[in-house]
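Reviewing the structure listed below.
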Amino acid sequence: MKFTLGERKEVTIEIVSTRSDPFTITAASFELKRVNDNTVEASGVAEITDHEVRAIITPQAAGVYKLYFSYEIANEKLIAPVVLEVDE
């Protein structure tokens, strides 16, 4: 996903069952990290709507980031990374 420095965007991921079983996401959080030095720039509770998890983020510097969504389904905790590129 591409950003221009200064932008604030909503990032959403859709969770899909690989077995087509019904499921409920019971908790979700996010962590925004700069790739070059692993600095955590933002973190918090992510919003859950049905099978979507979302966060609103504003990267503070140009460069490459990873946005990690952590979410819980039944007794499992899963992590979905999203790569972000921020241009000046």
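Throughout, read-outs are computed from the coordinates displayed, never taken from laboratory work. What you are looking at is a predicted structure, and each value in this text was computed from that prediction instead of being measured. With ideal geometry, Cβ positions are generated from the backbone for all residues, glycine too; neighbour counts draw on all protein chains shown.
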Would you work out the relative contact order for the chain, in percent, from Cα pairs under 8 angstrom that are 6 or more residues apart?
38
Report the residues of region 55-73 in range of a label on Ile79: point 7 Å along Cα→C-beta, backbone N strictly under 17 Å from it.
65-73
Name the residues whose placed amide hydrogens come within less than 5 Å of the amide hydrogen of Leu5, ignoring near sequence neighbours (fewer than 5 apart) on the same chain.
Asp87, Glu88
Taking only the alpha-carbon positions of region 2-87 as identical scatterers, the Debye log10 I(q)/I(0) at q = 0.24, 0.26 Å⁻¹ comes out as -1.14, -1.28
What ³J(HN,Hα) values, in whole Hz, does the Karplus curve 6.51 cos²θ - 1.76 cosθ + 1.60 give for region 47-54 when θ = phi - 60°, with x put for Gly and Pro?
7, 10, 9, 6, 10, 10, 10, 9
Derived scalar couplings ³J(HN,Hα) [region 9-19; Karplus, 6.51 cos²θ - 1.76 cosθ + 1.60; whole Hz; x for Gly, Pro]:
9, 8, 10, 10, 10, 10, 9, 10, 6, 6, 10
